[in-house]
Amino acid sequence: GGEGGGGGLVSPTGIFVRGSAAARRALRDAGLRRFPLDGFALDSGAVLPPGATLAYKVHGPPVGSSPGGIILHPTSFDAVHDELEYHIGPGKTLDTNRYTVIVPNLLGNGVSASPSTLAAQAESGTPRHAAAWAPDGHPPPPRFSVSDNVRAQRSLLQSLGIIEASPDNAPHAPGGGTNSRGPAPLALVYGYSMGALQAFEWAVAHPHEVARVAAVCGASRCGELNSVFLRSLEATLKADAAWNPHTSRFSHRPARALEAFGAIYAGWGVGAGWYLNRGYASAGFGSADEFVTQSYLGAFAECDADDLLSQIHTWRTADVSRLAGGNLALALGRVQAKVLLMPCDTDRYFTLTEAQREAELLGSRARLAPLRSDAGHRAGDPHRPELSAEAGFLRSKVHELLESE
């Protein structure tokens, strides 16, 4: 996912400050919009309370006025909307000269409805909120799914007039993402990492609404290797004394667990060659230890642990095959969109092997264009100067996809 933002702090006054620093910054964005999710039923059976929202930002021409249509760009693990703006704009990967780009924040990331935001609202005494979500002062953490995210996003797009407010039961049509209703309303769903999990959910659950998918360092489901990685992160957080299994929340910031979390992530977030070939030197670090300390420990040290656990659950339970009785081939057979698969050849948890298998199942609808980089998973989020070659390759392939009919 996003490799950490920061937050979950204890302020100088001793008050437990909820949400990451990145989320708190993003919440101050004057361009941020909110779609109400009051009463929204989650797959878990819980119902979101008053004050819950899907937070999003719109880039480029107003909805309905762009020549190319709509690009949907969901955020990834612990990333927030403003961290994606490096590749959104005139002439960029997601070109606002031609497209309106909508960026919804992941449920659980601290900007949209999340453990941190719901707890903060409960503690502030939001009317009708505390009684429903804070029994005995302990608001239960929500358990979001990828399906919850896509259903919320679809409701948002219906409210904006982009998608018809009717059941998604139109007949399937051969390739190109169109059917008897006309062109697909979404020109592209672009997703990196957990964003790709959402993009595949869109393409399988609502096939006639998506013309193209770009899945960058992501997949259609969380595979077993990926799940083992996430299990280690979850176990690390819950090993801290701050974790209360009775309330399923942290009583205070789990500083030692967050440091361990970052140390573990550093072994997975980049490829082996990043260390073996001293790739970190291209990023200005003098040693592997310096890179790990400043890039990973620093990023995760102040994250909101409740929000991290929420997002790990969303990630770990992702699997589009559930829409076809557990049959991945059958699920991907529903896809009408053209699919660009861009794994990194050294990604340690969204692997090239899994992308190759998905390409085989998608057949002529897929194009496989691997990123060749020692940066591993972070190659798909190339906002750093040392990843300019990866950024250029990714931009060219996405533009080719968008130009295809």
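Miscellaneous remarks
- Sequence ranges 291-299, 337-345, ranked by mean other-Cβ count within 10 angstrom, highest first: 337-345, 291-299
- Distance cut-off 18 Å, percentage of C-alpha pairs in the stretch 344-405 lying past it: 41
- Summarised in one figure, the compactness ratio Rg/Rh of the stretch 277-349, Cα atoms and Kirkwood Rh, is 1.14.
- Working ranking of peptides 255-264, 228-237 by packing, defined as the average number of other Cβ atoms within 10 Å per residue, highest first, is 255-264, 228-237.
- Over the residues of the chain, the helix contribution to mean residue ellipticity at 222 nm works out to -9000 deg cm²/dmol, using -39500 (n - 2.57) for each DSSP H run of at least 4.
- Taking all protein chains into account, the per residue accessible area for the stretch 250-373 stands at 40 Å² (1.4 Å probe).
- Reach of residue 238 by Cα under 12 Å, taken over aspartates and glutamates that are not fewer than 8 positions away in the same chain: 306
- Relative contact order of the stretch 298-405, defined on C-alpha pairs under 8 angstrom at six or more residues apart (%): 20
- Rounded to two decimals, the Cα-based Rg/Rh of the stretch 271-405, with Kirkwood Rh, is 1.02.
- Per-pair calculated FRET efficiency, R0 = 35 Å: residue 368 and residue 256 via Cβ, rounded to 0.05: 0.25
- Remark: spin-label model distance residue 263-residue 294 equals 2.0 nm, labels positioned 7 Å along the Cα→Cβ axis.
- Considering every alpha-carbon pair of the chain, the percent of pairs per 10 Å bin, from zero through the bin containing the longest distance, is 5, 24, 34, 26, 11, 1, 0.
- Each residue, residue 282 and residue 224, gets one label point 7 Å from its Cα in the Cβ direction; the gap between the two is 3.3 nm.
- Here the chain exposes an accessible surface that is 52 percent carbon and sulfur, computed with a 1.4 Å probe and the other protein chains kept in place.
- Summing Lys and Arg as +1 and Asp and Glu as -1 over all other residues whose Cβ lies under 9 Å from the Cβ of residue 110 gives a net charge of -1.
- Label-point gap, in nm, between residue 235 and residue 159 - each point 7 angstrom along Cα→Cβ: 4.1
The values are calculated or read from the model by the stated rules, or taken from the named source; none is laboratory data. These figures come from a predicted structure and were not determined experimentally. Glycine gets a Cβ as well: all are built from the backbone with ideal geometry, and neighbour counts include every protein chain shown. What goes into the accessible areas is simple: the full protein's heavy atoms, side chains included, and nothing from ligands, DNA or RNA. Shrake-Rupley method; radii C 1.70, N 1.55, O 1.52, S 1.80 Å.
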